[in-house]
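Read through the structure below, which is laid out as structure tokens, and then see the notes.
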Amino acid sequence: MNIPPYFKQYKKMIEDYLEVVLANQDKNIDLILESARYSVMAGGKRIRGCMILSVGSLYSEPSRFLPLAAAVEMIHAYSLIHDDLPAMDDDDFRRGKPSNHKVYGEDMAILAGDYLMTKAYEVIAEGLLRNGFEAVNIVETITYLSKALGSNGMVGGQVMDIKSTKDICDISRLKKIHELKTGRFIRASFICPLLLCTGKDDLTGNFSLVEYADTLGLLFQVIDDILDETSDQETLGKPIGSDKENDKATYVSLMGLAEAKVFAKNVYDEMLDSLNLVEEKMNAVLMDFAKMVYERKN
């Protein structure tokens, strides 16, 4: 996967910021902080955080958006910790390392996720205000992000996913599941920096950033399902084939591998065509994300 230089720079900026906000300042709770740091700092592409800095850079200094980017990565880590628990997907590995609950126990894993979610909102509110954003836009951003994560977003999609098997799920329902479970969070990562700077939740003109983000979320999930079928645990850093074992519906199980690959290529090509409508600087950023998602190997 060809990662642009600025993406690598943003990733380091986010990780340096996370080191600061997750520093242990209370020895009485050092175990929960160690557990939280274990998952947040375990690697990963930081793609959601880099989305925030990339869009933000079109309007202001990228560093101003670091509290939001770091918080989003903390929220993503919380969702993965809980996702791996025995009551959910029951996965023993994440990013090539034992899952949080395998190292710290289920109780600490649950609490680490709870801590990261609440700490994220503290970082957003304090950090963005300190960086000079208008309070009303910060409130709008928090509201938008909360909706992307709640019953009409990530949590709701997870509920639908748990209750779905390939026998009772068609393509339409599968798209809805992943629109909520994955897509709304990705959409928020593009729209929140826009809200902070302009107070608006989409671009004006013929190009919709919301539609682009939703399509990118769809592409991300289709590629994820393809990799789960064609890759290996060492490359992905997590167990493969668990959806098949649990009789979960995926784009591959419903379409077949060959058709899923064709579908992903068509979605990608349509995204590239739509970018002809957007101005040059935004075009370059959105093109990079489309390519990274389509060409990713893990």
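So, of the residues in the stretch 178-235 that are surrounded by fewer than 17 Cβ atoms within 10 Å (Cβ to Cβ) and of a type in the set (G, A, S), which turns out to be farthest from E140 (Cα to Cα)? Here the residue is S231. For the stretch 102-130: of the residues being free of Cβ contacts under 8 Å to residues at least 40 places away in the same chain and among the β-branched types (V, I, T), which is farthest from M74 (Cα to Cα)? So, considering only residues that are free of Cβ contacts under 8 Å to residues at least 40 places away in the same chain and among the β-branched types (V, I, T), the one farthest from M74 (Cα to Cα) is I110.
Taken as a whole, the stretch 164-171 holds no residue that is in contact with a Lys or Arg (Cβ under 9 Å, 6 or more places away or on another chain) and in a helix (DSSP H, G or I). With K261, K200, K238 as the choices, which residue is under 26 Å from V72 (Cβ atoms) and modelled with pLDDT of 90 or more? Residue meeting the stated conditions: K200.
Scan the stretch 264-298 residue by residue and report those that are in a helix (DSSP H, G or I), hydrophobic (A, V, I, L, M, F, W, C) and more than 18 Å from S231 (Cα to Cα). Those that are in a helix (DSSP H, G or I), hydrophobic (A, V, I, L, M, F, W, C) and more than 18 Å from S231 (Cα to Cα): V267, M271, L272, L275, L277, M282, A284, V285, L286, M287, F289, A290.
Picking from residues in the stretch 36-59 that are over 20 Å from M287 (Cα atoms) and hydroxyl-bearing (S, T, Y), the one that is surrounded by the fewest Cβ atoms within 10 Å (Cβ to Cβ) is Y38. Only one of the numbered conditions (1) surrounded by fewer than 20 Cβ atoms within 10 Å (Cβ to Cβ); (2) of a type in the set (S, T, N, Q); (3) modelled with pLDDT of 95 or more is violated by N24, and that is (3).
Looking at K248, K261, just one residue is surrounded by 14 or more Cβ atoms within 10 Å (Cβ to Cβ), part of a loop (DSSP other than H, G, I, E, B) and of a type outside the set (G, A, S), and that residue is K248.
The values are calculated or read from the model by the stated rules, or taken from the named source; none is laboratory data. Keep in mind it's a predicted model, so treat the numbers as computed, not measured. Quick reminder, even Gly has a Cβ in these numbers, built from the backbone with ideal geometry, and neighbours come from all protein chains shown.
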